[in-house]
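Colleague: Quick one: the structure is below, questions incoming.
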């Protein structure tokens, strides 16, 4: 039993512990109940000669029930201290949870502040409980030790369920929050992160960079990176600030692709019908092989970006800023909303730029879905969590293509714009998308969409 000075015990208040799961079917151990996170403020002290970093996180949250105890997702780190509203709190690390008992119970509706001091270890790589086969998951810390090459630093890849290796959090896309990173590095290196650079401070031979997002983002698309980067700035549509970071020794090869970002944003805005949703955009190319492209919010990350042929994948990750980031899936069974949209618009871009005809790409997606659906399950009811990033796009592509064909370009754009505007900076489910489609069209497309998302067999090719 824990009491606070002048307060009441948790038992006396009638408060209860928050749930240690948000109830996701594919990733049942992630997420936590009882509160809603408003913002994270993360600090890292990076030193090239060690994988360990002195770190801290401040979590601003609001209680959604009377809380005697709550938890944060956290793995691969060593905890030093925890306070709640400035008072020491009891805590314990259990599996992938940091369980916290505040000195005073937190009443429903109360805004509260959690501060955790810890050691972040970039060599820590506990496998996902949902995807224990590491060959199916490439997420986690990407550490670049240098070894005399001058390529010290790190980058993050948290999708789908490894972001809580980076800092304690409520690691589920349904609880988005604003994020600030404060990263201290040697002066010869640059730190970058989501959002806008707010401040730099140099003391001696070390510089602290402070970045912050204006808008809430899902935890699985956070990014903080350190390396020998060259910043490339520009201005996009509507005077949108553009800022990208590439390795200094690859600037000339990558710059032509970076210079296309403004035109790609203009294309996305015209095609989707809505303005780009964040306060800035750009790309990050880590100095060594990254393993994947990821729609890290406001700053998409790429393993390489040195060829004009990279343009379609750049558009794919850009569209994720709309669908997946600004409108995030309510749970991982709704991931087709993210991957299906990004891939479909990427195919439309290829078609308009005469790279690959849309119909040809859609037919390939249809064949892929026919091949894998019997084994992996439908995109909205996958059998294995490891397939959430690779087997949720094909069906979404073909369903959206068919819907577009059925209602026409103008109505389809109205559907997409209405859906995006209604759920921007929120999260949405398959049912939410269906409701928007039915309302905009005045027709019932429920069966058509559900067959593609939940059907055991691949439906007939639209208009085939």
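What follows draws every value from the coordinates through simple rules; no lab data is involved. From a predicted model like this one, the values you see are computed outputs, not experimental measurements. Heads up, the Cβs are rebuilt from the backbone with ideal geometry, glycines too, and the neighbour counts pull from every protein chain shown.
Colleague: Using only Cα atoms, locate the centre of region 212-275 and the centre of region 104-146, then give the distance between them in Å, rounded to an integer.
Modeller: So the two Cα centres are separated by 26 Å.
Colleague: Hey, rough spin-label estimate for residue 19 and residue 197, points 7 angstrom out along Cα→Cβ, what's it come to in nanometres?
Modeller: 4.3
Colleague: Restricted to Cα positions, what overall size does region 63-119 have along the principal axes? Three whole-Å values, descending.
Modeller: Reported extents, whole Å, longest axis first: 31, 21, 14.
Colleague: Given the -39500 (n - 2.57) contribution per DSSP H run of 4+ residues, what per-residue ellipticity at 222 nm results for the chain, rounded to the nearest 500 deg cm²/dmol?
Modeller: About -8000 deg cm²/dmol.
Colleague: Ranked by Cβ crowding within 10 angstrom, fewest neighbours first, how are 21, 391 ordered?
Modeller: Lowest to highest Cβ neighbour count: 21, 391.
Colleague: Same structure again: Residues in region 106-133, backbone N under 17 Å from the label point at residue 60 (7 Å along the Cα-to-beta-carbon vector): list them, ranges by number please.
Modeller: Output list for this probe position: 109-116.
Colleague: Once you have the Cα-Cα distance between residue 214 and residue 117, take 0.36 nm times their residue separation minus that, and quote the gain in nm to one decimal.
Modeller: 32.5 nm is the gain from fully extending residue 214 to residue 117.
Colleague: Diagonalise the Cα gyration tensor of region 332-454 and give the resulting equivalent ellipsoid semi-axes, square root of 5 times each eigenvalue, largest first, whole Å.
Modeller: In descending order, the three semi-axes are 21, 19, 13 Å.
Colleague: Considering every Cα-Cα pair within region 123-209, what fraction, in whole percent, is farther apart than 20 Å?
Modeller: 49
Colleague: Can I ask one more? Distance in nm between label sites at residue 370 and residue 151, each 7 Å beyond Cα in the beta-carbon direction?
Modeller: Once both label points are built, they end up 4.2 nm from each other.
Colleague: Using alpha carbons only, how many angstrom separate the centre of region 32-91 from the centre of region 389-461?
Modeller: 37
Colleague: Order by neighbour count: 372, 258, fewest other Cβ atoms within 10 Å first, most last.
Modeller: If I rank by nearby Cβ atoms, fewest first, I get 372, 258.
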